[in-house]
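Following: one structure in structure tokens, then a few remarks.
The values are calculated or read from the model by the stated rules, or taken from the named source; none is laboratory data. Note that the structure is a prediction, hence the values are computed from the model and not measured. As a convention, Cβ positions derive from the backbone with ideal geometry for all residues, glycine included, and neighbour counts pool all protein chains shown. Note: areas computed on protein heavy atoms with side chains; ligands, DNA, RNA excluded. Shrake-Rupley method; radii C 1.70, N 1.55, O 1.52, S 1.80 Å.
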Amino acid sequence: MIDWHSHILPKMDDGSRDVSESIALLTMQAEQGVDTVIATPHFYANDETVESFLKRRKESFERLQEALLEGMPKIILGAEVRYYRGISRLSELKSLRVEGSKLLLLEMPESKWTEDVVRELVEMSSMSKVRLVLAHIERYFDLQSPAVWNRLYESGIMMQVNASFFDSFSTKRKALSWVKKGKIHFIGSDCHNLTTRKPKIGNAFAAIEKKLGVDYLVALNEYGYSKLGTQIMV
Ligand SMILES: [Fe+2]
């Protein structure tokens with residue numbers, strides 16, 4: 001299984017503080033059935049250049065790689081890119097994609113989006129160099145109208161939810177119905193640490209399997225592998 005959203009790289013952002021915490025996070029992910037982790041540290045264009053971000057990410061990954069143990073999930077580098085007006089014109093957008101794919105994980109503001117914002121997303125969806133994935137859409141789903149979501153889905157934009165969406169009684173039903181309707185493409189733990197935001201993704205996998213059957217879970221996972229291209233051999 002793939003964890004599509006995580007902050008496991010040491011000292012990259014507000015996630016893992018050091019290599020040993022990263023190893024502990026990866027161990028927990030493996031115990032929950034995760035074999036592939038997409039590392040998605042925050043990228044804020046206001047704070048840092050893409051070049052600096054990529055350099056830091058490379059160094060962080062190299063430090064982690066030296067300490068990886070056998071049986072740990074494969075790590076694929078990506079980013080959680082904070083949206084800003086005009087991001088579609090960022091020339092280095094391609095280098096922020098999930099490695100080996102065209103997927104770009106975009107973190108949207110938790111507010112009602114203006115027409116200009118929605119239009120920019122739709123425009124980005126037709127760019128050949130990226131395929132947009134909106135991060136943890138459950139956070140801002142109710143803030144947008146159904147018509148907006150229809151436009152985004154029809155544009156081919158893909159959606160990620162956090163595993164915590166499957167946790168509480170109040171949202172679990174909604175989460176499962178979204179999976180059933182094909183509205184969710186990717187699930188992530190969005191784990192940051194070993195205390196307040198630890199990896200808890202096995203629960204989401206189990207809930208899908210229990211309610212919708214193992215075939216749903218397998219299909220969702222295989223869809224994910226197919227998006228990662230040839231770097232993953234299933
Ligand atoms: Fe995140």
Kindly provide the set of residues from region 154-180 that are open to solvent by 30 Å² or more (accessible area, probe 1.4 Å), of a type outside the set (F, W, Y) and assigned to a helix (DSSP H, G or I), ordered by number.
E154, S164, S170, T171, K172, R173, K174, S177, K180
Restricting attention to region 68-102, the residues that are closer than 14 Å to L121 by Cα, within 16 Å of the ligand (Cβ to nearest atom) and open to solvent by less than 10 Å² (accessible area, probe 1.4 Å) number exactly 1
Please work out which one of (1) among the hydrophobic types (A, V, I, L, M, F, W, C); (2) part of a helix (DSSP H, G or I); (3) open to solvent by less than 10 Å² (accessible area, probe 1.4 Å) is the condition L132 fails and give its number.
(2)
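Residue by residue, here is whether (1) at pLDDT below 95; (2) hydroxyl-bearing (S, T, Y); (3) surrounded by fewer than 12 Cβ atoms within 10 Å (Cβ to Cβ); (4) not in a loop (DSSP other than H, G, I, E, B) holds:
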position: D116; (1), (2), (3), (4): no, no, yes, yes
position: E120; (1), (2), (3), (4): no, no, no, yes
position: S128; (1), (2), (3), (4): yes, yes, yes, no
position: E138; (1), (2), (3), (4): no, no, no, yes
Are there any pairs with C-beta distances below 6 angstrom linking a residue in region 170-199 that is closer than 17 Å to M159 by Cβ to a residue that is within 13 Å of the ligand (Cβ to nearest atom) and open to solvent by 10 Å² or more (accessible area, probe 1.4 Å), with the two at least 6 apart or on different chains, and if so which?
F186/W4; G188/W4
Please go through (1) buried (at least 20 other Cβ atoms within 10 Å of the Cβ); (2) on the phi > 0 side of the Ramachandran plot for G213 and return the number of the only condition it doesn't satisfy.
(1)
Hey, can you tell me all the residues within region 155-169 that are away from the ligand (no atom under 16 Å from the Cβ), in contact (Cβ under 8 Å) with a residue 24 or more places away in the chain and aromatic (F, W, Y)?
F166
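Conditions (1) open to solvent by 50 Å² or more (accessible area, probe 1.4 Å); (2) among the polar types (S, T, N, Q); (3) assigned to a helix (DSSP H, G or I), marked per residue:
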position	(1), (2), (3)
D14	yes, no, no
E21	no, no, yes
L25	no, no, yes
A30	no, no, yes
A45	no, no, no
L54	no, no, yes
R57	no, no, yes
S60	no, yes, yes
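Looking at R151, R197, can you tell me which residue is open to solvent by 70 Å² or more (accessible area, probe 1.4 Å), within 16 Å of the ligand (Cβ to nearest atom) and closer than 30 Å to I87 by Cα?
After ruling out the rest, the residue left standing is R197.
Return yes or no: is D142 away from the ligand (no atom under 16 Å from the Cβ), among the charged types (D, E, K, R), closer than 20 Å to G188 by Cα and assigned to a helix (DSSP H, G or I)?
Considered against the rule, which asks whether it is away from the ligand (no atom under 16 Å from the Cβ), among the charged types (D, E, K, R), closer than 20 Å to G188 by Cα and assigned to a helix (DSSP H, G or I), D142 comes out as yes.
Got a number for residues in region 103-128 being among the basic types (K, R) and under 18 Å from the mean Cα position of the chain (by Cα)?
Number satisfying all stated conditions: 0.
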